[in-house]
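K.L.:
One structure, as C-alpha cells, below. Some questions next.
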Amino acid sequence: MLGISACLGGIACRYDGGSNEITELKHLVSAGQAIMVCPEVLGGLPTPRHPAEIQGGDGFDVWQGKARVLDNAGNDLTEAFQQGAIKAYEELRDLQITGLVLKERSPSCGSSLIYDGSFSGTRIKGAGVATAYFIQQGLPVYSEENWQEMRMT
C-alpha cells in the first residue's frame, strides 16, 4: 500500500486552503491501494495558514538542529513540522505502507526540491522535514513528478 500527500488526493489542506489533486492518485485511494496523510495538519497547523519555508538548509538539517521552519510572519513552526512528521510516520508504519508519493517543493513533503527560505520563489535542492524523517526510517519517497517510476519497480 502507498501513502500519498493528502493534497495530492484532493484534500484541501495546502497552506492556502487548496489542493493539488492528481486524479490517478485519488483513484488509488478510492481503490483502497493508497492512504492519504498530511504531516502539517497532523502537526497541528491550521488550514489555511501562512506559507512556511525551511531556513538554513533542508529537512535533514532541521532534524540535526541546523535549520528551522519559519512562516512568512516570522513564526517558528519547526516543532509542529517535526511532530507532524513523527505522527504521520507512526500512522504509515501501522498501516504497513511500503512507499510514499509526496508533494514536491513542500517544506514538509518535498523530496528533491524545496524553497530556499527567503519567500522569493527560489528553489533549491533538498528534502522537506517529513520526507527527511521518512527516508531516515527507511521508506522510499517519490513525488507527484516521478511516482510512476515507483510503480514500475
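No value in this document is a laboratory result; all are computed from the given coordinates. Keep in mind it's a predicted model, so treat the numbers as computed, not measured. Note that each Cβ is placed from the backbone with ideal geometry, even for glycine, and that neighbours are counted across all protein chains shown.
K.L.:
Can you tell which of Ser19, Ser111, Ser143 shows the greatest fluctuation in a Gaussian network model of the chain with Cα springs below 10 Å?
P.N.:
Ser19
K.L.:
Still on this model: What does a probe at Glu145 reach in region 115-132, counting residues whose amide N is under 14 Å from the point 7 Å along Cα→Cβ?
P.N.:
Inside the label zone: 115-116, 122-128.
K.L.:
5 Å is the cut-off here: which amide hydrogens, built 1.01 Å from N in the peptide plane, fall below it relative to Ala127, excluding neighbours closer than 5 in sequence?
P.N.:
When sequence neighbours closer than 5 places are left aside, the close amide H contacts are Gly59, Phe60.
K.L.:
Tabulate in residue order the Karplus-calculated ³J(HN,Hα) for region 98-105, using 6.51 cos²θ - 1.76 cosθ + 1.60 with θ = phi - 60°, rounded to whole Hz; enter x for Gly and Pro.
P.N.:
9, x, 10, 10, 10, 6, 4, 6
K.L.:
For region 126-152 and region 30-69, what is the separation of their Cα centres, given in Å?
P.N.:
Distance between centres, Cα-based: 13 Å.
K.L.:
Now a separate question. Quickly work out the Phe119-to-Thr98 label distance, labels modelled 7 Å from Cα along the C-beta direction, and quote it in nm with one decimal.
P.N.:
4.3 nm
K.L.:
Same structure, new question: Which far-off residues, 5 or more places away or on another chain, put their amide H under 5 Å from the one on Gly99, with H placed in the peptide plane?
P.N.:
Gly3
K.L.:
Sticking with this structure for a sec: Under a GNM of the chain (C-alpha, springs under 10 Å), which listed residue has the highest mean-square fluctuation: Ala85, Ala52, Ala73?
P.N.:
Most flexible of the set in this elastic network: Ala73.
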